[in-house]
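What follows is a short report on a single structure.
The values are calculated or read from the model by the stated rules, or taken from the named source; none is laboratory data. Remember, it's a predicted structure, so these values are computed and weren't measured experimentally. All Cβ positions, even for glycine, are placed from backbone atoms using ideal geometry, and neighbour counts span all protein chains on display.
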């Protein structure tokens, strides 16, 4: 028996007391068997829409019809400074007939999702999902080949479920994916990306990535062109990642960065573009491809400050933490990570100017000094004179910076060479 949320339990009792047979069903039961039902619950019931309106007046019908009533029992709680959602969101589905209860379950693609439970009535398990759960096996309700042809995203869902639960794919499911994965190549990338993101944060992410590679789905993630062009070194890096990714923090963006940076820059950027990431996520992943090698060669303070100022602290910290994760996965030396930590600490402790906001002048000062009357050019010069304070914090002086801005306004070459150090 699963552990029921108190509001879900009360909803079931309300329906049963009114004379309507009802069960918690689907994903919430599967998750409950794993020990955590979460806050997203489904109830299937013989009540009708009008009955639900009377029994749950605070609910709202969702979707195009009046066959699902949503009742939100969630609330926010604060723990260790973080805000979490607790309680339950309850979707009550109108089934209509006794046979409809089992039909609803049989329509689920996977047997472990086709289980319903009522604490008083017990389980409904028409497809043997409880036994498959005991065997730790992902099996389909009917022909895997037919299910995947009809709804190709279920191939990604199968591997994701197996990864999240620590289960294996049945032979029929594995072979069904192997035969049909190309159906996903031109599919909507959003649900593919969502499955990948669930998989990548799992404790079993390495096994999940390896399974996707074995059954063809990495070509869906990277694109068939990129996947086919992976070199021997890329494959070796991928295998090491699969073996060791579990050692890293289960951070979604960082683990995605680990996955894409096994590729060279051009194919990596092509693969990132494929899955239509939100703008902020895409920026971080593109930064990873563009700068993950560079960040390990910031061996001079001014180079480090320039890098930090051009990316900003948030984008820098993502790449820095990604490089730390790479060290764990690929057993790199800690020296470069420690060097960057020391450099940032020195800047922080000394309150050294790094960003344009730290300068004692702004673009208006450059224009007021008669160096340029173009606001855009004034901003460019402002960013250029950062090089002076990156070389020496004491150069954050109005006279020095305006003199430098004037010099750069007259000589593009001097501006372009501003970070070059000349030696005898």
Inset, instruction - Could you list, in sequence order, all residues of segment 23-63 that are more than 30 Å from the chain's Cα centre (by Cα) and part of a helix (DSSP H, G or I)? - result: 49, 50, 51, 52, 53, 54, 55
Legend entry - Any pair with Cβ under 8 angstrom, 6 or more apart, that starts in segment 134-156 at a residue that is touching a residue at least 60 places away in the same chain (Cβ under 8 Å) and ends at one that is crowded, with 19+ Cβ neighbours inside 10 Å and outside any helix (DSSP H, G or I): 155/217; 156/217
Legend entry - Failed condition for residue 267, given (1) more than 22 Å from residue 244 (Cα to Cα); (2) modelled with pLDDT of 95 or more; (3) surrounded by fewer than 20 Cβ atoms within 10 Å (Cβ to Cβ): (3)
Legend entry - helices (runs of 4 or more DSSP H) lying entirely in segment 172-286 (those with 3 or more residues that are over 29 Å from residue 316 (Cβ atoms), outside the structural domain of residue 326 (by TED's automatic domain parsing) and in contact with a helix residue (DSSP H, G or I) (Cβ under 7 Å, 6 or more places away or on another chain)): 189-200, 205-215, 218-222
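Without any contact (Cβ under 8 Å) to a residue 60 or more places away in the chain and under 29 Å from residue 274 (Cα atoms) - does that describe any residue in segment 109-126?
Yes, that holds for at least one residue.
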Inset, instruction - State whether the residues of segment 146-156 include one that is in the same structural domain as residue 60 (by TED's automatic domain parsing), under 32 Å from the mean Cα position of the chain (by Cα) and part of a helix (DSSP H, G or I). - result: no
Legend entry - Residues of segment 5-22 that turn out to be at pLDDT 90 or above, in a loop (DSSP other than H, G, I, E, B) and touching a strand residue (DSSP E or B) at 6+ places or on another chain (Cβ under 9 Å), as a count: 2
Inset, instruction - For residue 360, state whether it is closer than 19 Å to residue 302 by Cα, not in a helix (DSSP H, G or I) and not assigned by TED's automatic domain parsing to the domain that holds residue 305. - result: yes
Inset, instruction - Test residue 224 against the criterion of being surrounded by fewer than 20 Cβ atoms within 10 Å (Cβ to Cβ) and farther than 24 Å from residue 27 by Cα, and give yes or no. - result: yes
Legend entry - Residue among 350, 370 that is on the phi > 0 side of the Ramachandran plot and either outside the structural domain of residue 311 (by TED's automatic domain parsing) or modelled with pLDDT under 95 (or both): 370
Legend entry - Selection from segment 64-76 of residues that are part of a loop (DSSP other than H, G, I, E, B) and within 30 Å of residue 133 (Cα to Cα): 67, 73, 74
Inset, instruction - Give just the number: which of (1) part of a helix (DSSP H, G or I); (2) under 16 Å from residue 44 (Cβ atoms); (3) free of Cβ contacts under 8 Å to residues at least 60 places away in the same chain does residue 104 not satisfy? - result: (3)
Inset, instruction - Looking only at segment 5-15, decide whether some residue is in the same structural domain as residue 59 (by TED's automatic domain parsing) and touching a helix residue (DSSP H, G or I) at 6+ places or on another chain (Cβ under 6 Å). - result: yes
Inset, instruction - Determine whether segment 393-401 contains at least one residue that is within 40 Å of the chain's Cα centre (by Cα) and either part of a loop (DSSP other than H, G, I, E, B) or surrounded by 15 or more Cβ atoms within 10 Å (Cβ to Cβ) (or both). - result: yes
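Yes/no per residue for (1) under 18 Å from residue 160 (Cα atoms); (2) buried (at least 20 other Cβ atoms within 10 Å of the Cβ):
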site	(1), (2)
185	yes, no
212	yes, yes
231	no, no
259	yes, yes
280	no, no
287	no, no
